[in-house]
1. Seen from all sides and averaged, what is the projected area of the convex hull of the Cα atoms in the stretch 245-300, in nm²?
2. Over the stretch 163-270, what per residue volume does the convex hull of the Cα atoms give, in whole Å³?
3. What is the sum of charges, Lys and Arg at +1 and Asp and Glu at -1, for the other residues whose Cβ falls under 15 Å from the Cβ of residue 451?
4. Considering the options 438, 466, 456, tell which one lies farthest towards the positive end of the dipole of the stretch 426-478, charges being +1 on Lys and Arg and -1 on Asp and Glu at the Cβ, about the Cα centre.
5. What list of whole percents do you get for P(r) of the stretch 331-425, with Cα-Cα distances grouped in 5 Å bins up to the one holding the largest distance?
6. Which net charge results when you count Lys and Arg as +1 and Asp and Glu as -1 among the other residues whose beta-carbon is under 14 Å from that of residue 13?
7. Give me the one-decimal nm value for the distance between modelled label points at residue 221 and residue 394, 7 Å along each residue's Cα-to-Cβ direction.
8. Can you tell me the FRET efficiency between residue 297 and residue 266 if r is taken as the Cβ-Cβ distance and R0 is 25 Å, rounded to the nearest 0.05?
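What follows draws every value from the coordinates through simple rules; no lab data is involved. What you see is a predicted model, and the numbers here were worked out from it, not measured in a lab. Here the Cβ is made from the backbone with ideal geometry for all residues, glycine too, and neighbour counts use every protein chain on show.
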Amino acid sequence: METTTEQILDVTQLAPMMKHSTIFNRIAQLQDGESLIIHNDHDPAPLRYQLAHTHQDTIAWEYLEQGPEWWKVKLTKRAPQNEKGRNILDVTQLPPMVKHSTIFARIDQLQGGESLTIHNDHDPVPLRYHLEAEHGDAFGWEYLEQGPVWWKVKITRKIAGADGSGENILDVTKLAPREKHPTIFSRYHALQGGESLTIHNDHDPKPLYYQMQGEMGDVFTWEYLEQGPRWWRVKITKRPQGTTGETLGEIVAKDMRKAEVFKKHDLDFCCHGDMTLNEACAAKGIDVTRVEQELREVEKDQSRSALPYHEWSIDFLADFIVNTHHGFLRKNLPDIKMYSAKVEKVHGAHHPELHRVNELVQAVSDELLEHATDEEKTMFPYIKQLVAAKNSGQPLPASSMGRFQDKLDKLVKEHTSVGGMIDELHEITGGYAPPEDACASYSLLFRKLKELDDDTHIHISLENHLLFRKAAEMEKSF
């Protein structure tokens, strides 16, 4: 018995003008043997007749439920019994409003050298202009029959690479309004993982972004190449299959300069850095496209280069953390503790929040110093043993700190505790902004606290999202 993979589409949630185009887009993504189950509040028999003409013998139709409130239909894609089932489309049987979107959905499935033959009852030359506007000379056009009753046109996708550009552009200003989103979705679904589609429009296509997120999730990237006032150009790239957006922690680990963007928007890339950018922005009610654009601006900034932390071996990264971040703590925490106690004593009566500030400073200082010492005695030496054993082909080294994952979980939990206290310090000091009556020591304390905040977020991010993650992968590899 043939095994099928099933997907579900509830079309009652779609606007009427989007139903058939959405269904055909989903059908176009099916592989042989896969199924799409449609939920509707009335009998979708008209769709069945349309499929009979557009897909002929390649889509099996099975009612799973037939009213009175719900209709459920299972559509299963099967290999064509002959080439006719795959390559011929009789558009005379389609409603006018779905003709072009259906044709483009079929065209987008063609591989280099493959053809689609269209049957029509009049000359489809407007389609030719539409096709050339979107694809340039990427397709060949050949009349097989030219009236007076039938017109038959063979459309062939040329083999890529003739012009060497490889750029995939869609000018949606040349499309009728009702065809814009269906055409964009058809072109997007035809992309392979890692490929891009650049859209040209005369206004910001932001509603498209939210529609794509709502229907497909975080499976693409969105990059503004131009933002008005006359033209908007957006590059949409399909992520490789099986991948989702990078987490905040992963983004910062690859380019620490981007931490400033996240801090600006109060996005926690440190202790809660396992959220994707879309998830984090949604939780804060922030426009994710704006943040993505700012991140790209950082990438383009050649005045500051990013350290390639993610390319370093983990034993080297551990030494870097000890020398840079643990060194920062041992150098600065004693002074921060001293100034915190002093400022509380002098200004606490007029600024009672300083009592809590001092409590937090003392607790953070003690926990960070103890934590750093623990790492240097247990986890970091073991990481170096892992690397040495891996490089020399030796078995998994014995651990003196107990089960590796238990120790790692303990260290991450301590990071979360410290991160929470740092966040509270940031909040009750108003982002480390000293009041008007602050003395020199008061201002110095807040400046040092901000430096501690900045360094700790990067320190914890490097460990949680890079060092510990890679060490866990290496430990499992034994």
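1. Details: hull surface 13.0 nm².
Its average projected convex-hull area is 3.3 nm².
2. Numbers: hull volume 16.3 nm³, N = 108.
Convex hull of Cα atoms, per residue: 151 Å³.
3. On the way: positive: 263, 330, 331, 337, 447, 448, 450; negative: 260, 335, 453, 454, 455.
Result for the local shell: +2.
4. Looking along the dipole axis, the top candidate is 466.
5. That works out to 2, 12, 17, 16, 13, 10, 9, 7, 6, 4, 2, 1, 0, in percent per bin.
6. Details: positive: 19, 26; negative: 10, 41, 215.
Once all neighbours under 14 Å are counted, the net charge is -1.
7. Using points 7 Å along Cα→Cβ, the separation is 4.0 nm.
8. Values: r = 19 Å, r/R0 = 0.75.
That pair, residue 297 with residue 266, gives E of 0.85.
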